[in-house]
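The values are calculated or read from the model by the stated rules, or taken from the named source; none is laboratory data. From a predicted model like this one, the values you see are computed outputs, not experimental measurements. Ideal geometry is used to build each Cβ from the backbone, glycine not excepted, and the neighbour counts take in all protein chains shown.
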Amino acid sequence: MFSKMKTETSIKDIYAKIQEADAIVIGAGAGLSTAAGYEYGGKRFKKYFSDFEEKYGIHDMYSGGFYPYDTLEEYWAWWSRQIYYNRYVDHLELYQKLYQLVQDKDYFILTTNVDHCFQKTGFEKQRLFYTQGDYGLFQCSSPCHNQTYDNKKIVKEMVEKQKEMKIPTSLVPHCPHCGKPMTMNLRCDDTFVEDEGWHQAYLRYQDFIRRHQDLKIVYLELGVGQNTPGIIKYPFFRFVERNKEATYICINKDAYCPRSIEKRAYCINEDIKDIIDKLYQIQCTND
């Protein structure tokens, strides 16, 4: 059974748990980036995609990513904008405050987000595992080989040169090995490429969990929804159940935990930005 308690615990108590921990594992979902300013709908969507909304009736970036566009020129006009505004235009203030809270701790980041905000903020690359891919990488759509490619230069060119929701045909990316169209390195189906970097990050994460499994460790879950709870949420539950020294902290508008760990859990049903701001203010006061 699950507990949906609304924790009234002092922010100072949560801050103290983080500071007292031997290690911290941050599990970050889409809710964290939304809180940081990467909303996929509303005014931000209309600002960058009003033409696609008018033509196709698309009302958010998530839906637009699955639309069956008639041509690759239209497909890449959409995706170049989605990548550019969610990967190469920064909204990092919230991430910077989170970094200040844990930079001196022994930490590791497990995230399903693909916007690369952690690394851009200053979190160490060797302490990051992006399980679902990266907006900044292309892969073969087939895929004919397990390699990914940096896309920053070509994505910016696509955004700059597109007209009437189409990019020039010469900019449509193709696999350098088989010639088939490229696609994003995002886990949408069984064609997702787990390249060498992905596997190295996975091993580092597993090693971190193994080395800290019996220590005083905080599992800090931020904005993880119900699309893929088996990646972050459910493993965190199991880790805390097995280690009586562990603490589970969940900040989400739908925070909950199993009753088996509720005495060592803080389920905070509030806005992530508000809570991180308060924790950051305590940090600044203490410094």
Practice problem: Name, by its number, the condition in (1) closer than 26 Å to residue 114 by Cα; (2) more than 20 Å from the chain's Cα centre (by Cα) that does not hold for residue 230. | Solution: (2)
Practice problem: Would you mind finding the one in 91, 116 that is farther than 16 Å from residue 25 by Cα and at pLDDT below 95? | Solution: 91
Exercise. Being touching a helix residue (DSSP H, G or I) at 6+ places or on another chain (Cβ under 8 Å) and closer than 20 Å to residue 80 by Cβ is the filter here, so list the residues in segment 173-224 that pass it.
Key: 173, 181, 184
Quiz prompt | Single unsatisfied condition, residue 179 versus (1) assigned to a helix (DSSP H, G or I); (2) on the phi > 0 side of the Ramachandran plot; (3) of a type outside the set (Lys, Arg) | solution = (1)
Quiz item: So which of 109, 26, 18, 58 is over 17 Å from the mean Cα position of the chain (by Cα), assigned by TED's automatic domain parsing to the domain that holds residue 227 and not charged (D, E, K, R)?
Solution: 18
Exercise. Kindly provide the set of residues from segment 198-225 that are without any contact (Cβ under 8 Å) to a residue 24 or more places away in the chain and not in a helix (DSSP H, G or I), ordered by number.
Key: none
Quiz prompt | Residues of segment 152-176 that turn out to be of a type outside the set (Val, Ile, Thr) and not in a helix (DSSP H, G or I), as a count | solution = 10
Quiz item: Among the candidates 230, 223, 197, which residue alone is on the phi > 0 side of the Ramachandran plot and of a type in the set (Gly, Ala, Ser)?
Solution: 223
